[in-house]
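Enquirer: Let me begin by handing over the structure; questions about it come next.
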């Protein structure tokens with residue numbers, strides 16, 4: 001379980017400002033609930049997830065389908081505690097890993113008290129059929145946002161919002177930029193009104209259920225996505241073989257002592273293994289260096305990171321491997 005630290009990325013202004021001190025139900029009741037983020041790949045779900053929490057927990061790359069499973073984050077405010085579920089992008093499954101990703105989305109929506117659907121202002125026509133199918137299936141309270149408004153000319157925004165509302169038969173979406181923080185506080189206030197009245201479930205300083213080793217694996221995978229080209233990143237799975245916290249000195253302090261981390265990058269073919277390793281190990285060394293800096297920010301101290309590459313043939317299509325890797 002991860003406890004809060006100094007934000008890895010600074011939160012947008014007012015993201016962590018308190019909700020109204022009297023609560024949102026008019027009776028002074030505290031609110032607690034689950035909200036699920038849904039949208040097409042690269043719609044900005046993970047960026048919004050990180051903006052909500054004020055920490056960089058969900059990995060973000062320019063490649064679609066970066067998020068493969070449900071990631072849970074916890075935002076505690078004076079009048080509410082919000083559990084945010086980040087999900088893979090809505091897609092049309094073509095192999096077993098995709099099928100597990102689709103099940104993750106359905107499960108997260110079923111578990112949630114409400115859904116935030118992200119539409120991409122830069123790709124208004126991106127798979128309208130998939131989004132429409134989701135809306136037809138959804139039975140939970142819905143908030144729709146139009147993300148990436150920082151990339152749209154101001155004069156085009158109103159017509160775009162009206163067009164998307166008509167296309168999907170919804171109320172006008174809330175214009176938002178998860179990247180800059182524009183209207184993120186307003187979205188949080190809307191979300192609070194959909195949460196049931198109830199006490200907080202998690203400690204105030206807790207920001208995620210998953211352990212640090214989970215997020216370390218994600219950061220290594222993110223770095224591999226950034227440094228490798230074409231389809232190869234999608235064939236990579238990262239597993240942590242050893243995660244050893246720094247030892248205490250005689251005074252009980254960990255200061256200056258390293259976290260030891262050993263991880264395996266699994267690929268599907270021998271040719272892919274060669275690409276990941278690179279000439280004389282240069283590519284793997286570069287991935288390791290980039291990932292180490294990110295993990296050091298995560299754990300708040302120096303890290304020794306060792307990577308190796310192994311072949312697991314067609315792991316994305318095999319139930320046994322998907323189960324072992326935690327997707328089933």
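Each reported figure results from applying straightforward, stated rules to the coordinates on display, with no laboratory input. A quick note: this is a predicted structure, and the numbers were derived from the prediction, not measured. Virtual Cβ from ideal backbone geometry, glycine too; neighbours counted across all protein chains shown.
Enquirer: Select from segment 132-154 the residues that are within 22 Å of residue 106 (Cβ to Cβ) and part of a helix (DSSP H, G or I) and list them in ascending order.
Expert: 132, 133, 134, 135, 136, 137
Enquirer: If you check residue 150 against the conditions, is it touching a residue at least 24 places away in the same chain (Cβ under 8 Å) and in contact with a strand residue (DSSP E or B) (Cβ under 9 Å, 6 or more places away or on another chain)? Before you say what the answer is, go through the steps one by one.
Expert: On the way: touching a residue at least 24 places away in the same chain (Cβ under 8 Å): yes; in contact with a strand residue (DSSP E or B) (Cβ under 9 Å, 6 or more places away or on another chain): no.
Here the answer is no, as residue 150 does not meet what is asked.
Enquirer: Could you check, for segment 167-180, whether at least one of its residues is more than 29 Å from residue 284 (Cα to Cα), without any contact (Cβ under 8 Å) to a residue 24 or more places away in the chain and assigned to a loop (DSSP other than H, G, I, E, B)? Give the derivation first.
Expert: If we filter segment 167-180 for residues that are more than 29 Å from residue 284 (Cα to Cα), which is where we start, we get 167-180.
In the following step, the residues that additionally are without any contact (Cβ under 8 Å) to a residue 24 or more places away in the chain were identified as 172.
Still in the running and assigned to a loop (DSSP other than H, G, I, E, B): 172.
Looking through segment 167-180, at least one residue is more than 29 Å from residue 284 (Cα to Cα), without any contact (Cβ under 8 Å) to a residue 24 or more places away in the chain and assigned to a loop (DSSP other than H, G, I, E, B).
Enquirer: Further, regarding this structure: Anything in segment 105-142 that is in contact (Cβ under 8 Å) with a residue 60 or more places away in the chain and closer than 21 Å to residue 162 by Cα? List them, or say none.
Expert: Residues satisfying the conditions are 115, 116, 117, 118, 119, 120, 123, 126, 127, 130, 131, 134.
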